[in-house]
Amino acid sequence: MMLSRLVAALPGARLVGADVDVRALTHDSRRVTPGTLYVALRGRTVDGLRFAPAAVAAGAVAVAVPADAVVDLACPVVYLTSPRADLARLAGALHGDPSGRLMLVGVTGTNGKTTVTTLLAGIARAAGWPEGLIGTIEHRVGTERRPAAHTTPEAPDLHALLAEIALAGAPMAVMEVSSVGLEEHRVAGLRFAAVAFLNLTEDHLDYHGGMDAYGESKGRLFVELADPRTIAVINVDDPFGAALAATPQPGTVWRLSAAAGADAEVAWRDLTLDADGLRGTLVTPRGPLSLRSPLLGAFNAANVAAAAALAAA
């Protein structure tokens, strides 16, 4: 794709130099091959600008840098106003907006993301659909399974995966969305058909600095990244979830509760929990579902309800 066309998708970006054909995108100079656009990001400890000359030597046809950077490179340079988010937008444009070709489901929360996304991928498989799963343990592209390096991959890898899932014929992709992935804008520009919030407990505080910042990062999936078509399934048994559900959002909110007799759009009726697992009727805006699962415990009653509600959504 021509560089000028990619730059056109970026608010406030500026191209200096010739227009060139871009065949790949990375922010890791070690992964540069001929035809790559290298995006130099400023990290917490390392500045990617240091590696721009090495990227050009490795075959980068252009380099993207923060708007205030001063560089002298023998290639076209793109100046970015929001480098992290622009990296994601570039990846989406280069791969033809793959999330727009899928029913994309994002699941966030401290605990339960892997369980809920795996359940939802299993629902897709049972429906006869090719699987599309991006998660902590593995990624699934149709029948192929790959080990995962990050819960939410960096934007270039994420969009490449989504493009492969769409090419495999999967109508839906489900992904775990981490707070770090949200904070670092790895999912910027994605189009979510449905999103879910499960819970918020202490984790990643070394990165976020406190629970308020941690919760704010999770909330971005609902307040900033959803659109009017998005259905948000939010566990209101969690205090942060209850506050999030009451926060104005662009899409539709389905409150979820596993509490007995709860007044919520998604709620259990006649739920039984024992050594055989759980069973009962789940009320949803799409109608009641009679469910049985070998998963144990009240926390899995919430997980099963979230997966079923996302499938209904």
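The values are calculated or read from the model by the stated rules, or taken from the named source; none is laboratory data. The shown structure was predicted, so the numbers you read here are calculated from the model rather than taken from an experiment. For neighbour counting, all protein chains shown are included, and Cβ atoms are generated from backbone atoms with ideal geometry for every residue, glycine included. Quick note on the areas: whole protein, heavy atoms, side chains included, nothing else; ligands and nucleic acids left out. Shrake-Rupley method; radii C 1.70, N 1.55, O 1.52, S 1.80 Å.
With the condition kept exactly as written, say whether any residue in segment 152-168 is open to solvent by less than 40 Å² (accessible area, probe 1.4 Å), more than 25 Å from H27 (Cα to Cα) and not in a helix (DSSP H, G or I). Among the residues of segment 152-168, not one is open to solvent by less than 40 Å² (accessible area, probe 1.4 Å), more than 25 Å from H27 (Cα to Cα) and not in a helix (DSSP H, G or I), which makes the answer no. In segment 194-219, the residues that are modelled with pLDDT of 80 or more form Cβ pairs under 7 Å with partners that are surrounded by fewer than 22 Cβ atoms within 10 Å (Cβ to Cβ) and in a strand (DSSP E or B), at six or more places apart or across chains, as follows: A194/I231. When segment 107-133 is filtered for residues that are in a strand (DSSP E or B) and either open to solvent by 50 Å² or more (accessible area, probe 1.4 Å) or in contact with a Leu (Cβ under 6 Å, 6 or more places away or on another chain) (or both), only T108 remains. Here are the criteria: (1) free of Cβ contacts under 8 Å to residues at least 60 places away in the same chain; (2) under 18 Å from G12 (Cβ atoms); (3) open to solvent by less than 50 Å² (accessible area, probe 1.4 Å). Tell me which single one L90 does not satisfy. Here L90 meets the rest and fails (1). Each residue in segment 230-253 was checked for being part of a loop (DSSP other than H, G, I, E, B) and either open to solvent by 50 Å² or more (accessible area, probe 1.4 Å) or basic (K, R) (or both), and 5 of them qualify. At least 1 residues being in contact (Cβ under 8 Å) with a residue 40 or more places away in the chain, out of contact with any helix residue (DSSP H, G or I) (no Cβ under 7 Å at 6 or more places or on another chain) and exposed (fewer than 13 other Cβ atoms within 10 Å of the Cβ) is the threshold, and among the strands (runs of 3 or more DSSP E) wholly inside segment 254-310 not one reaches it.
Okay, residues lined up against (1) among the hydrophobic types (A, V, I, L, M, F, W, C); (2) at pLDDT below 95; (3) farther than 16 Å from L120 by Cβ; (4) out of contact with any strand residue (DSSP E or B) (no Cβ under 6 Å at 6 or more places or on another chain):
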site	(1), (2), (3), (4)
A232	yes, no, no, no
V253	yes, no, yes, no
L256	yes, no, no, no
A267	yes, no, yes, no
D276	no, no, yes, yes
P288	no, no, yes, no
S293	no, no, no, no
A311	yes, no, no, yes
